[in-house]
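Any read-out appearing in this document is the output of simple, stated calculations on the displayed coordinates, not a laboratory observation. Worth saying up front: this structure is predicted, and the values here are computed from it rather than measured. All Cβ positions, glycine included, derive from the backbone under ideal geometry; neighbour counts span all protein chains shown.
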Amino acid sequence: MLWWGVASALLANVLYSTGFVLEKRALSALPALDTRRPARVVRHLLSSPLWVGGSLALAAGFAAQLAVYRTLPIAAAQGIFVSGLVLLLLLSSLVLGERTSGRERQGIAAILLALGMVIASLQGNGAASVTRTAETGPLLAVTLPSLAAGLWLYGATERRARRRHRQPPTGVAYGVAVGLLYGVSSLAIKGVSGMLTTHDLGNAALALFTSPYPYLLVFTGASGLVLSQTALQRCRASLIVPVCTTVTCVFTVACGTAAFGEPLPADPLRLALRLGGTAVAVCVLLALPRQDEPAAAPARPDGPAGEDGDGHPEASEELTP
């Protein structure tokens, strides 16, 4: 069963990375998406066969993730999911032609280090210490404020981006906001996977639908679809997806510990790794640039530097789909 879980996690990585890249490629050919018109966003998305193919790959990754949580403890699962960032960055470079700055590469490396510290702090707990379900009260106490914070941050970023004469955001704030939504979704997936059974299906279905898990999944799935695709259209996948993944993983580890009643490490070293890794990840996210720096345009004989022959400002290379 352990190797089945590892294989499912690796398959989920491939499906998620492929799905994100296909969706990003499709989004470059679609009209500008606006979160204030969610029905129009969904209509535009469904009109693209390439986007539908990417979404099907993500759906298959979701199914694989259910299998992972059935067979692996959350620590091992998150450790394998993080490795998918390498494949995502490779595909973004080869398929989308996206380039990351040196500062961003250093930040992503530090984020991976931070996640490794958090995951290392969980090693040795054993599968028996990972609970299947959480009490409704503690779960909602963690997830509802997180959903509110994610939606508020996304809305605040949207309002700042609409101001005139502002450079477009890199996607860090978008990634944090969507990462909070997907972190809640990850806890819901963990809860659903713990309630799946092939015995006494009637009572199992009743228990599932009287729990908050399916409703959290529906809400985060619907809102995450509109918000993530709008952000992915505007920003580089090679930055927004790693940031989103980092927030999701850190949230799952930190809040899952409280909501699912998993104990903090008693060993001082493991406790320091968990708290230190979380602190490093948060500091890196705060230090990443919030805006793309415009590329310096070469001077032309028929106009000043940064202007075309008609005197209009040239578009930054970062804004080119």
When a footprinting reagent is the concern and you count Cβ atoms within 10 Å, what order do H199, H44 take, fewest first? H199, H44
Starting from the Cα-Cα distance between A205 and A149, subtract it from 0.36 nm times their residue separation and give me the gain in nm to one decimal. 17.1 nm
Once the Cα gyration tensor of region 2-289 is diagonalised, what are the square roots of 5 times its eigenvalues, in whole Å and ordered largest first, as equivalent ellipsoid semi-axes? 29, 23, 19
Is the shape of region 161-276 best called rounded, prolate or oblate, per the rule: a/c under 1.5 gives rounded, else a/b larger than b/c gives prolate, else oblate, with a ≥ b ≥ c the square roots of the Cα gyration tensor eigenvalues? oblate
Distance (nanometres) between label positions extended 7 Å along Cα→Cβ at A32 and V52: 2.8
Potential lengthening between R43 and S101 on full extension [0.36 nm per residue; Cα-Cα distance subtracted]: 17.5 nm
